[in-house]
Amino acid sequence: MKNRPAAAPPLIDIVQPIYLDFNTTTPLAPSVQEAMQPFWSEHYLLPGQEHQGSRAIAEGLERAREGVAEMVGCDAFELVFTDGGTEANNLAVLGLAADVPAGHMLISELEHDSVWGAALSLERGGWEIESVPCQDDGVVATEAVCQRLRQNTRLVCLQAANPVLGTLQPVREVADACHAQGVLVHCDATQMFGKLPVDIATLRADTLSVSGHKYYGPKGAGALYVRRGLTVHPVRFGESREMGVRPGAENVPGLIGLGAASQLAARCATEASDRLAELTDRFVFRVRDMIQPSVEVACETAARLPNTVTLLLGTEARQVQRAAGQLIVSTARSAAPADQMTRCLAAIGKSPSQIGGAIRVSLGWTTSQEQVDRAADLLAEAWDQLVESRR
């Protein structure tokens, strides 16, 4: 362990927790909360009612749809509002499969449980679901997908970015290869927005999932992009809404907030990306400077989200997290069934002991340099305490 300089007085209130788990959820942006406020009580009608106030709400929802379309880079009519990324993923997988003969489906082993769960439910109807492994660097190679394509392959599911490893996936290359053989591609892009500038023209997926609470919007609000001319069938039934694809009363305040957050993300993504990358690099440098032997960064050589780093500490991560006290990060769950963090680290060949020593840190727009420095200090101090206690 290196000698450390005397710590400067912290510039933040160290009694307050330091939140570094933005890939799990983000706080609601003040401007988004302000946009939503009138729709909780003042504008309480539904858009389909025969009332002047109802027409105003319908117009508000269409402006929200246009806000999401601006971020995604599509036309507003190509978006179906959902209650979040999980429903959007379910709707894409099950809705695309509903009106075609059972066939073969490829899914990256890094995909979210909502993608895997929907796909595996199709096995009972005769579908064959095949996993596509990733490389040791946490990236699913385009060649690995192409080698597994068959004449009866109907759909390939590949996320844009992995929330645990931060790795960016070759969606554009996979989509081009799949489209050349008439195969559709669904992309879970929920982790990309607000962190990197991205649009559908770059990714070229046929369907794409959006989740508002991943980029400073409300929970319970999301969207599914559906390429024009493509049919997605409903998987829930009731009064027809959202172009006949999704039934049920609209979450008006949530969707208004989704639109406001999307406009914010579209404006801020480039600046946010640069700042988040600087803070992440600073955090890693500081941790490595204080913890010896140096910690490993998972998938360090791969292109990754600018805000995400998973550290392999070489000691029990949950104990480090408890010792750090004020630091809110993500660790793997040891009990079965395996959680997403465990699955993703196992997919890149990490052993159970390495997985048990992994901490995922994900920064956000509100993260300050002072918080990053204090978080690194807390992590190193906790690591030292555990090492010393075992001597």
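General remarks:
- Karplus-derived 3J(HN,Hα) values for the range 65-77, using 6.51 cos²θ - 1.76 cosθ + 1.60 with θ = phi - 60°, are 4, 5, x, 5, 4, 4, 5, 6, x, 10, 7, 4, 6 Hz; glycine and proline are entered as x.
- Stokes-Einstein translational diffusion, the range 292-333 - Kirkwood Rh over all Cα pairs, 0.890 mPa s, 25 °C, in µm²/s: 209
- Over the C-alpha atoms of the range 1-153, the Rg to Rh ratio, Rh being the Kirkwood estimate, stands at 1.12.
- Simple spin-label estimate for Val387 and His51 gives 6.5 nm between the two label positions (7 Å along the Cα-to-Cβ direction from each Cα).
- Shown for the chain: the carbon plus sulfur share of the solvent-accessible area, taken with all protein chains present and a 1.4 angstrom probe, equals 51%.
- With only Cα atoms counted, the range 19-105 has Rg and Dmax values of 17.1, 49 Å.
- √(5λ) per eigenvalue of the Cα gyration tensor, the range 147-282, largest first, Å: 26, 24, 11
- Column: log10 I(q)/I(0), Debye, Cα scatterers of the range 67-210, q = 0.21, 0.22 Å⁻¹: -1.42, -1.56
- Sorting the Cα pairs of the range 310-365 by distance into bins of 5 Å, from 0 upward, gives 4, 21, 31, 24, 13, 6, 1 percent per bin.
- Alpha-carbon radius of gyration plus Dmax, which is the widest Cα pair, for the range 245-367 in Å: 17.8, 56
- FRET efficiency for the Thr202 to Arg267 pair, using the beta carbon distance and R₀ = 22 Å, is estimated at 0.80.
- Spatial offset of the range 80-98 relative to the range 120-191 amounts to 16 Å, using the alpha carbon center of each.
- If you take the alpha carbon atoms of the chain and fit the smallest convex hull around them, that volume is 144 Å³ per residue.
- Length-normalised contact order of the chain in % [C-alpha pairs under 8 Å, at least 6 apart]: 24
- Computed over protein heavy atoms with a 1.4 angstrom probe, the accessible surface ordering of Phe285, Phe193, Phe237, Phe39, largest first, is Phe237, Phe285, Phe39, Phe193.
- Exposure check, 1.4 Å probe, all protein chains in place: Thr24 carries approximately 60 Å² of accessible surface.
- Shape summary: the range 243-316 maps onto an equivalent ellipsoid whose semi-axes, from the alpha-carbon gyration tensor, are 38, 17, 11 Å in decreasing order.
- Distances between placed amide hydrogens fall under 5 Å for Arg304 paired with Leu168, all partners being 5 or more residues away or on another chain.
- Residues in the chain average 44 Å² of solvent-accessible surface per residue, probe 1.4 Å, ligands and nucleic acids excluded.
- Rg(Cα)/(2.2 N^0.38 Å) for the range 149-190, N = residue count: 1.21
- Rule-of-thumb Rg ratio for the range 164-236 [Cα; 2.2 N^0.38 Å; N residues]: 1.18
- Positive end of the dipole of the chain (Cβ unit charges, origin at the Cα centre): among Leu155, Met36, Ser351, the Cα lying farthest that way belongs to Ser351.
- Whole-number percent relative contact order across the range 37-88, with pairs defined as alpha carbons under 8 Å at least 6 apart: 18
- Each Cα pair under 8 Å and six or more residues apart adds its separation to the average, and for the range 294-383 the resulting relative contact order is 38 percent.
The values are calculated or read from the model by the stated rules, or taken from the named source; none is laboratory data. Predicted model, so just to flag it, every value in this text is computed and none were measured. A quick note on method: Cβ atoms are made from the backbone with ideal geometry, for glycine too, and the neighbour counts reach across all protein chains shown. Areas reflect the complete protein model, heavy atoms only, side chains present, ligands, DNA and RNA absent. Shrake-Rupley method; radii C 1.70, N 1.55, O 1.52, S 1.80 Å.
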